[in-house]
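Input: a single structure, listed below in structure tokens.
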Amino acid sequence: MVVAAAGSPARAEGRVEFLRDVRPILAGHCFKCHGPDENQRQAGLRLDVRESAVGETDSGQRAIVPGQPDESELVRRIFADDEFEIMPPPDAKHPLAPEQKRTLKAWIAAGAPYQPHWAFAAPARPAVPEVRRNGWPRNPLDRFVLARLDAERLSPAPEAGRHTLVRRVSLDLTGLPPAPEFADEFVHDESPDAYEKLINRLLASPRYGERWARRWLDLARYADTNGYEKDRPRSIWPYRDWVIAALNADKPFDEFTIEQLAGDMLPGATRDQRIATGFHRNTMINEEGGIDPLEFRYYAVVDRINTTATAWLGLTLGCAQCHTHKYDPVPHVEYYRMLAFLNNADEPEIDVPQPDLSARREELLARIAALEADLPRRFPAGAGTAPGEPLDRVFDDWIARERAEAVEWTVLRPAAATSDLPRLEILDDGSVLASGDQTKRDVYEVTFRASRSRLPGGSEGGTGVIARTGPARQAGPTAFRNITAVRLEALPDESLPRGGPGRTDYEGPRGDFFLSEFVVAADGRPVRLARASETYGKLGIGGGAAAAALAIDGDPHTGWSTSGREGERHVAVFNLAEPLSTAGPLSLTMIFERHYAAGLGRFRVSVTSDPRDVGARATPVEIERLLLSPAERLSADDRERLQAYFLSVAPELADARQEIDELRKQLPAYPTTMVFRERPPDHPRPT
């Protein structure tokens with residue numbers, strides 16, 4: 001704010017406004033000792049609140065006597081000549097100018113009226129001023145302009161020529177000069193509403209939203225890169241386009257506000273409303289490998305508070321982050337109450353489907369489905385054989401071979417899955433999905449209790465692993481029996497970066513995980529693991545593998561990673577040194593420790609009592625279960641599922657599948673945008 005200068009309308013008309021003329025003086029010269037900060041307040045005088053300013057000070061005097069400047073101690077002190085009396089004191093080295101003193105005196109003489117900060121006051125429609133030249137205004141707004149010109153003893157400029165006018169208004173509304181034919185059309189339009197038609201055409205132009213969105217995008221600190229040291233590109237342009245579209249559609253400001261601050265929380269939130277929450281994803285993002293992600297997430301929340309205050313309240317709340325605000329009515333504690341609102345959100349990305357990409361994907365997916373359905377026909381035929389006979393014979397031979405190798409795995413549904421920060425959710429198929437915050441060292445604790453849990457597909461867990469014990473076998477407690485190996489499936493999920501199976505959001509290994517240690521315990525006692533194997537492990541520097549065996553070596557700096565194969569399912573098998581039987585709980589501790597956050601996003605645990613030294617196989621649990629079923633018990637649907645899996649791995653169809661794989665690689669990915677999402681009610685983030 002600026003103090004009104006001598007000769008301004010306020011002075012010319014004898015009006016002094018508190019917010020415009022007085023408060024800047026008090027804030028700049030007086031509030032340090034007579035403001036909100038009670039630790040620095042002098043003489044019990046507080047000038048930012050009227051009730052205190054017009055009351056008695058500690059010495060029993062009244063700094064301000066409304067309507068009576070000569071009785072006001074404030075006036076006496078600011079006009080004093082004595083260096084021990086004058087305010088501000090000389091050692092402050094910030095004296096009041098003569099005009100500022102006169103402004104304060106005139107304000108008190110007018111009754112010392114206070115006004116709330118404009119951000120806390122509802123707008124009020126002012127009275128349209130009376131003017132002398134009633135023929136000049138064409139609308140009520142012109143009367144305000146003319147009243148100000150009259151107060152400054154100025155005359156309106158002459159009306160611009162039509163070529164000048166169309167150029168000015170086009171630049172103002174769209175930021176672009178008018179096309180020659182557009183300008184000529186206006187210049188030669190002699191209808192009385194020619195100017196109104198010109199304005200309406202410019203307001204209807206898509207360029208209007210682009211021009212004026214820049215103002216809001218500056219407030220939203222919009223950027224197409226992340227900032228900080230790496231400053232990599234990011235995809236948030238759908239939010240930019242949402243702002244442009246909102247302005248072009250003349251979206252009401254209350255909707256414009258609500259959708260940006262809480263669009264995800266609206267009932268049945270649309271994709272556009274979720275995209276609007278990108279307002280608070282425009283913070284800088286630090287992708288440096290060694291950072292603490294929680295530290296920089298906190299910096300982002302602080303930025304969101306300060307930006308919200310600037311954009312919607314016209315306030316600088318940043319001061320209250322460290323202490324009660326000196327000049328605005330914002331207590332220190334209120335800052336962190338506001339922080340709690342914005343702190344309880346996660347920061348995912350969502351796909352933004354595009355019509356052309358959707359059409360292309362549908363076309364490719366239809367071709368893929370047709371080729372997959374045609375795989376049985378493309379199976380190589382032998383000489384002198386009937387159609388389909390080679391496939392049936394080879395398929396039956398494959399079942400026989402695979403049945404000999406198959407392992408009976410029992411999926412264990414966790415009784416509990418916990419971690420200090422990440423939220424671990426147990427899904428219907430027995431898998432666990434992680435979400436929420438993560439650190440450079442996350443620890444997952446998963447507990448299983450012996451019970452006859454259902455496997456996907458409806459069958460029960462195998463009795464070789466989970467058995468009834470006790471005198472009453474039908475009603476007694478259950479127990480784990482003869483467990484020889486534990487199987488960990490790292491599963492992809494659409495909620496994870498690049499589909500997972502990991503949660504790493506660092507640009508290089510996005511979607512990866514790093515399992516540093518895998519610990520099994522029974523009844524709270526560690527279980528010794530002898531070996532480990534995996535279906536895929538990343539090759540590290542120098543050819544060293546990031547293999548499952550490194551997750552049981554006791555060294556947190558080594559472990560299992562599947563980087564480079566994101567979006568796929570991977571399996572690790574951990575063999576016990578001795579078979580395990582226990583009636584107590586079985587627990588797993590998984591430690592994910594890296595110089596960046598690298599937790600596992602979705603996983604599922606199975607166990608077996610197979611006495612063989614089983615290794616990791618890519619065959620899904622459900623397929624292994626069907627392979628182990630007697631042939632006479634397999635339904636037509638079961639055989640169809642087995643055949644579909646066989647066709648996906650049969651070496652005879654490698655060339656046919658290569659064609660399908662090439663089509664899958666051509667599937668265009670949708671662009672993404674960063675959004676805000678309120679955390680689930682059962683997992684709030686404490687502030």
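The values are calculated or read from the model by the stated rules, or taken from the named source; none is laboratory data. Being a predicted model, the structure only gives us computed values, none of them experimental. Positions of Cβ are generated from backbone atoms using ideal geometry, with glycine treated the same way; all protein chains shown enter the neighbour counts. Quick note on the areas: whole protein, heavy atoms, side chains included, nothing else; ligands and nucleic acids left out. Shrake-Rupley method; radii C 1.70, N 1.55, O 1.52, S 1.80 Å.
So here's what we get for this one:
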| quantity | calculated |
| --- | --- |
| Segment 291-341, residues that are touching a His at 6+ places or on another chain (Cβ under 7 Å) and assigned to a helix (DSSP H, G or I) | Arg304, Cys319, Ala320, His332 |
| Inter-residue pairs, beta-carbon under 9 Å, first of a type in the set (S, T, N, Q) and in segment 565-576, second assigned to a strand (DSSP E or B) and open to solvent by 10 Å² or more (accessible area, probe 1.4 Å), 6+ apart | Asn575/Thr484; Asn575/Leu529; Asn575/Ala530; Asn575/Arg531; Asn575/Ala532; Asn575/Ser533 |
| Entirely in segment 537-634, the strands (runs of 3 or more DSSP E) that have 1 or more residues that are within 30 Å of Ala650 (Cα to Cα) and of a type in the set (A, V, I, L, M, F, W, C) | 570-582, 602-608 |
| Strands (runs of 3 or more DSSP E) wholly inside segment 390-454 that include at least 1 residues being over 26 Å from the mean Cα position of the chain (by Cα) and not basic (Lys, Arg) | 416-419, 441-448 |
| Residue count, segment 565-597 (criterion: among the polar types (S, T, N, Q) and open to solvent by 50 Å² or more (accessible area, probe 1.4 Å)) | 1 |
| Test set (1) buried (at least 19 other Cβ atoms within 10 Å of the Cβ); (2) closer than 23 Å to Arg413 by Cα; (3) modelled with pLDDT under 85 - Pro509 fails condition number | (2) |
| Which listed residue is among the acidic types (Asp, Glu), loosely packed, with under 14 Cβ neighbours inside 10 Å and at pLDDT below 90, from Glu460, Glu494 | Glu460 |
| Unique match (being open to solvent by 40 Å² or more (accessible area, probe 1.4 Å), farther than 30 Å from Trp237 by Cα, touching a residue at least 24 places away in the same chain (Cβ under 8 Å) and of a type in the set (Lys, Arg)) among Arg639, Arg617 | Arg617 |
| Residue match in segment 245-264 (condition: acidic (Asp, Glu), touching a strand residue (DSSP E or B) at 6+ places or on another chain (Cβ under 9 Å), surrounded by fewer than 17 Cβ atoms within 10 Å (Cβ to Cβ) and farther than 19 Å from Glu678 by Cβ) | no |
| Neighbours by Cβ (under 8 Å, 6+ apart or cross-chain): first from segment 42-69, among the basic types (Lys, Arg); second in a loop (DSSP other than H, G, I, E, B) | Arg46/Gly35; Arg46/Pro36; Arg50/Ala112; Arg50/Tyr114; Arg62/Val54; Arg62/Gly55; Arg62/Ser72 |
| Checklist (1) within 30 Å of Leu357 (Cβ to Cβ); (2) open to solvent by 60 Å² or more (accessible area, probe 1.4 Å); (3) in a helix (DSSP H, G or I) applied to Ala669, failing item | (3) |
